[in-house]
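Engineer: Can you keep this structure in mind? I'll have questions shortly.
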Amino acid sequence: MSLRPTIPSDTEPHAGIRIGQAIDAGAQWLASKLAWIPLMMAILTAIVVALRYLFGVGFIAGQEGVIYLHSTLFMLGASCAMRFDEHVRVDIFYRHWGQKARAWVNALGQIVFTLPLCALIGISSLGYVTEAWSSLEGSPEPGGLPAVFLLKSLIPAMAVLLALQAMAEIIRAAKQLLALAQPRQHKTEANHG
């Protein structure tokens, strides 16, 4: 009998793996919604330009709408980029390493860098966002959107979503490390048995 951890079967994944899968599913859902934002930005930009140059009418709310959409795409999309491994990675060494080394780098990178950064961003933005909400801060521009407080709320939302995705990445790396350890465990047991 071995006291070493075993990988849960595919029929009943461990609770941690189910949590990671739920976070990944949430990122997949969010990415499918965010994918429409560039199209909305392009249409809104075309409307703003047409109004300005064809009719001589300024559309401040439309211009700010493009900024809001871009901010939403960037801030909420950061966790989706991490989920699909599309984030910026300096992989001078990483691409040449094996699966085990990559899994360790992924897990430790999330623990040492991503989670503390998310905590810093989330905590440091709370006063800023709370102040914006308390006054329901709007645009300083006449005719602008009265929702700057919502825009500022994207900062802690990004921190939370990124932290959740970092946890899913840690779970995925741990699962991979356990899977890579399994063949050696069976060989060791066979040699001693």
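The values are calculated or read from the model by the stated rules, or taken from the named source; none is laboratory data. Bear in mind that the values here come from a model prediction, so they are computed numbers and not experimental data. A quick note on method: Cβ atoms are made from the backbone with ideal geometry, for glycine too, and the neighbour counts reach across all protein chains shown. Surface accessibility is based on the protein's heavy atoms, side chains included, excluding ligands, DNA and RNA. Shrake-Rupley method; radii C 1.70, N 1.55, O 1.52, S 1.80 Å.
Engineer: Mind pulling the angle between the C-alpha long axis of helix 37-55 and the longest principal axis of the chain? Nearest 10 degrees, somewhere in 0 to 90.
Structural biologist: The angle comes out at about 10 degrees.
Engineer: Taking all protein chains in place and a 1.4 Å probe, what share, in percent, of the accessible surface of the chain do carbon and sulfur account for? Could you put the intermediate results ahead of the total?
Structural biologist: Values: 8710 of 12610 Å².
C and S fraction of accessible area: 69 percent.
Engineer: How large is the convex hull of the Cα atoms of the chain per residue, expressed in Å³ as a whole number? Intermediate values should be presented prior to the final figure.
Structural biologist: On the way: hull volume 30.5 nm³, N = 193.
Considering the Cα atoms of the chain, their hull volume per residue is 158 Å³.
Engineer: Check each of the chymotrypsin sites (Phe, Trp or Tyr not before Pro) in segment 59-153 and keep only those in coil by DSSP with at most 13 other C-beta atoms within 10 angstrom; list them in order.
Structural biologist: Qualifying residues, ordered by number: Phe84, Phe93, Trp97.
Engineer: Could you tell me how many degrees, from 0 to 90 and to the nearest 10, lie between the Cα long axis of helix 60-83 and the main elongation axis, the longest principal axis, of the Cα atoms of the chain?
Structural biologist: With both axes taken from Cα atoms, the answer is about 0 degrees.
Engineer: Hey, what's the chain come to in accessible area per residue, 1.4 Å probe, Å²?
Structural biologist: Value returned for the chain: 65 Å² of accessible area per residue.
Engineer: Which distance in nm do the two modelled labels at Met40 and His87 give, with both placed 7 Å along the Cα-to-Cβ direction?
Structural biologist: About 2.4 nm, to one decimal.
Engineer: Not counting ligands, DNA or RNA, and with a 1.4 Å probe, what is Thr130's accessible surface area in Å² rounded to the nearest 10?
Structural biologist: 90 Å²
Engineer: Length gain on complete extension for the stretch Lys33 to Ile19, per 0.36 nm per residue less the alpha carbon to alpha carbon distance?
Structural biologist: Residue separation times 0.36 nm, minus the Cα-Cα distance, leaves 2.9 nm.
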